[in-house]
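If you scroll down you'll find the structure; I have some questions about it.
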Amino acid sequence: MRSNQRLTARGLELVAGKFKALSDPTRLAVIQSLMCGEKTVTAIVEATGASQPNVSRHLGVLHRAGLVARRKCWPHCLYSVADPAVQEICRVMCECASRQDEPIFE
């Protein structure tokens with residue numbers, strides 16, 4: 001958003017919806033697991049340690065928000081980050097969070 005631009009009411013709702021979709025730690029873990037490339041639900045479960053139903057539910061939220069893409073590759077669905085801007089947003093927020101007193105990286 002540029003300083004000379006103002007979002008419409010609908011624009012504010014859309015942007016807030018995207019941030020809301022990213023506001024859950026499990027969903028961030030799902031996004032993190034997809035930053036290396038597309039994965040099946042099983043691979044995301046293994047990467048995040050979350051249960052399969054939980055991962056599927058969070059993938060649905062991320063997909064509806066337009067943050068995650070999916071494609072059928074019978075018999076599986078493959079998920080990926082839908083837009084490179086999502087990775088940039090996560091990078092910027094991690095950079096911001098790392099300025100706090102508590103370490104955020106393993």
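For the chain, what does the helix formula give at 222 nm: sum of -39500 (n - 2.57) over DSSP H segments with n ≥ 4, over the residue count, nearest 500 deg cm²/dmol?
Here the helix-only value at 222 nm equals -17000 deg cm²/dmol.
On C-alpha positions alone, give me the angle between the axis of helix 84-97 and the longest principal axis of the chain, in degrees, nearest 10.
Long axis of 84-97 versus the principal axis of the chain: about 70 degrees.
I've got another one for you. Using the per-residue mean of other Cβ atoms lying within 10 Å as a proxy for protection, in what order, highest first, do the peptides 6-13, 90-97, 39-46 fall?
The densest-packed peptide leads the list: 39-46, 90-97, 6-13.
Net charge near residue 38: determine it from the other residues with C-beta under 15 Å of the C-beta of residue 38, scoring Lys and Arg +1 and Asp and Glu -1.
+2
For the chain, with only Lys/Arg (+1) and Asp/Glu (-1) charged at the beta-carbon, what is the dipole magnitude about the Cα centre, in debye rounded to 20?
Dipole size: approximately 600 debye.
For the chain, count the residues as N, evaluate 2.2 N^0.38 Å, and divide the Cα radius of gyration by that value, please.
1.17
Coordinate-derived values only; no laboratory data. Keep in mind that what you see is a predicted model, and the values were worked out from it rather than measured. Cβ sites come from the backbone with ideal geometry, for glycine too, and all protein chains shown count toward neighbours.
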